[in-house]
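Below: one structure, written as structure tokens.
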Amino acid sequence: MERTFVMLKPDAVQRRLIGELIGRIEAKNLNIVAMKMMRIEPQMAETHYGEHREKPFFKDLVDFVTSGPVVAMIIEGPNAISVMRAMMGTTNPFNATPGTIRGDFGLDLTQNLIHASDSPESAKREIALFFPE
Ligand code: CMP
């Protein structure tokens with residue numbers, strides 16, 4: 001069993017895709033072990049996306065994820081990290097395979113609906129940030 005952090009971004013909430021996206025996670029038979037709708041403060045967004053601090057898109061990214069409510073989740077299952085990454089599709093929605101979340105619903109590099117941890121280290125860090133004990 002493995003745990004990963006998943007976040008439905010403000011565009012997913014605004015587009016009323018929460019049910020569709022959670023439905024896909026449940027249909028895959030992954031467990032939702034924690035879930036909350038919340039607003040992210042800019043400081044938390046900067047911590048979460050710290051590795052992108054020097055990137056030209058950093059400000060847009062922080063502005064976007066703080067622009068409205070998100071749905072934060074801890075997802076559990078066998079190989080949950082790679083399974084969620086595969087279900088999510090590539091970062092660039094123009095390349096994302098149909099059948100993936102970004103492949104089916106995404107058309108923008110920043111407003112790309114969903115985040116899922118990319119490694120066990122990221123999952124541990126992101127779960128601790130969003131779901132502190
Ligand atoms: P996410 O998987 O949450 O992790 C980093 C985010 O940065 C990514 O989703 C995109 O929303 C954003 N991102 C990555 N590359 C670019 C880019 N070239 N231009 C704008 N945003 C980007």
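Below are the figures for this structure:
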| item | result |
| --- | --- |
| In the range 24-133, the chymotrypsin sites (Phe, Trp or Tyr not before Pro) that fall in loop regions by DSSP, at most 12 other Cβ within 10 Å | 57, 94 |
| Carbon + sulfur, % of accessible area of the chain - ligands and nucleic acids excluded, 1.4 Å | 51 percent |
| Mean separation of Cα contacts under 8 Å, 6 or more apart, over the residue count of the range 72-129: relative contact order % | 30 percent |
| Trypsin sites (Lys or Arg not before Pro) lying in DSSP loop within the range 29-133, provided at most 16 other Cβ fall within 10 Å | 39, 53 |
| Accessible area per residue, Å², the range 1-90 with all protein chains present, probe 1.4 Å | 53 Å² |
| Volume in Å³ per residue [convex hull over Cα atoms, computed for the chain] | 101 Å³ |
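The values are calculated or read from the model by the stated rules, or taken from the named source; none is laboratory data. It should be emphasised that the depicted structure is a prediction, and the values quoted were computed from it without experimental measurement. Because the Cβ atoms are built from the backbone with ideal geometry, glycine has one as well, and the counts that use them run over all protein chains shown. Heads up: the accessible areas ignore ligands, DNA and RNA and are worked out on the full protein's heavy atoms, side chains in. Shrake-Rupley method; radii C 1.70, N 1.55, O 1.52, S 1.80 Å.
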